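The values are calculated or read from the model by the stated rules, or taken from the named source; none is laboratory data. Bear in mind that the values here come from a model prediction, so they are computed numbers and not experimental data. Heads up, the Cβs are rebuilt from the backbone with ideal geometry, glycines too, and the neighbour counts pull from every protein chain shown.
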Amino acid sequence: MSTENIKADKKIPEIRLSPTGVQSFFNCRRRWQLEQKWRPLRDSFAPTLGSIIHLGLSCRILREDWPSICVAALNRTDLKPEDKAKAWALAEPLVKHWNPPDEWLFLSVEDKFELPVPSESDAVLQKVTWSGYIDAEIWKDDELWVVDYKTSQRTPDPDHAMIDEQLLAYYATEKWKLTRKEIDQTPRGSIWAAIVIPGLRLKKGESWNEFHQRVDNAVQAEPFKHYQNFPLEYTDDQVDYFWEKVRYVVNEIREKRFYKNPGHCKYLPCQFRDICLNDTNAKIMGFKPKEQEERPSLDILMAEGVLQGLDAPVSPDDLADETVKWERVNVGMSQEEIAEKLGVSKKAIASWEDMEKFPEDEEMRKKIREALSGEGS
């Protein structure tokens, strides 16, 4: 499709792109296409863990009740109960012990942007909305910096940070945003705030509470291993190069050039593998169309929930299905153990966890709360 046709055709659909979307497109175009249409069958552990950590850090900056909000967000996911327990055991210590440098003055947190792409009347870039969230904007050493939190399994090095184009994307976005507002201020650069997840695993016979404490001890003992900040500066040429890549992505989308990247499939698990070549039967296989999502995605919870407040955090009075099971697993109790503690049958516990029925008696609900919080005798 030529640029002349794009300019003349008023039916050209609008395109929404984000820094993450551009990276996703280059990783695998076919996956990017499917992500626009379908919601994965289940939430993935690693992205969920990263989002919970992001959420917790943002809540801490805003002095919100971050444990309650993070647990509420985690309960909205469809992770397995044991994965929820694992995610909380890893995320809570990392959020709790994180301390931003004293010289950082936070100007904004989870700043939402929706902008046209810098185009100078480029027809290809018409009807394109550049959208997303900047983790934080800070004032440091009398200059403006963009901060991007990144969770990883290993400590990144400066060279790795420099080639990460998401950091360049957020810098370019901030610069463009200020230009559009006619603010005479240029950001100095981006800061990669690395949050390194401890490489610990649950030991045989270890409860989730014990694992949680072991992670907490590891983070507290060696914080320098788990928190590192990499300041990065960029040239105008790098910014121009980035926007040219965005233009390339938009043009490829317009031309419907979608194909899978076999290398990406080999090294990273893909939630759309089963419908990669043909998504005709996606609904039959359990995939839900994006426009019919029944609950907000975790990144929306992360960004909007912090500033606007989630629904009331999950309370013991609202214990139900996976929440009961998750709390039970989190305190390291079996169905038999909690049944004995409450003086009920194992079948009753299974029934509560499966939401077949739940005790209406307030005294029993109180006992459940106490047992799951470790307060019961």
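Return yes or no: is Pro67 modelled with pLDDT under 90, surrounded by fewer than 18 Cβ atoms within 10 Å (Cβ to Cβ) and within 15 Å of the chain's Cα centre (by Cα)? No: the conditions fail for Pro67. Are there any helices (runs of 4 or more DSSP H) wholly within the range 1-51 with 1 or more residues that are in contact with a strand residue (DSSP E or B) (Cβ under 7 Å, 6 or more places away or on another chain) and either at pLDDT 85 or above or assigned by TED's automatic domain parsing to the domain that holds Asp111 (or both), and if so which? Those helices (runs of 4 or more DSSP H) span 19-27, 29-37. Only one entry of Lys283, Lys288, Lys256 meets the criterion of being of a type outside the set (Ser, Thr, Tyr) and in contact (Cβ under 8 Å) with a residue 60 or more places away in the chain, and that entry is Lys288. Considering the range 102-121, and only residues there that are over 23 Å from the mean Cα position of the chain (by Cα) and surrounded by fewer than 17 Cβ atoms within 10 Å (Cβ to Cβ), the residue that is modelled with the lowest pLDDT turns out to be Glu120. The condition of being buried (at least 17 other Cβ atoms within 10 Å of the Cβ) and either modelled with pLDDT of 80 or more or part of a helix (DSSP H, G or I) (or both) holds for Lys325.
Remark: Glu244 falls outside the filter, which requires a residue to be acidic (Asp, Glu), touching a residue at least 24 places away in the same chain (Cβ under 8 Å) and within 30 Å of Pro116 (Cβ to Cβ). Please find, within the range 238-252, the residue that is nearest to Lys37 (Cα to Cα) out of those that are of a type outside the set (D, E, K, R) and over 25 Å from the mean Cα position of the chain (by Cα). Filtering first and then ranking leaves Asn251. In the set Thr173, Thr179, only one residue is farther than 17 Å from Val22 by Cβ, in contact with a Pro (Cβ under 9 Å, 6 or more places away or on another chain) and in a helix (DSSP H, G or I); that residue is Thr179. For the range 211-253, filtering for residues that are under 21 Å from Ile53 (Cβ atoms) and of a type in the set (Asp, Glu) leaves 2.
Scanning the range 253-282 for residues that are loosely packed, with under 12 Cβ neighbours inside 10 Å and over 26 Å from the mean Cα position of the chain (by Cα) yields Glu255, Lys256, Arg257, Leu277, Asn278, Thr280, Asn281.
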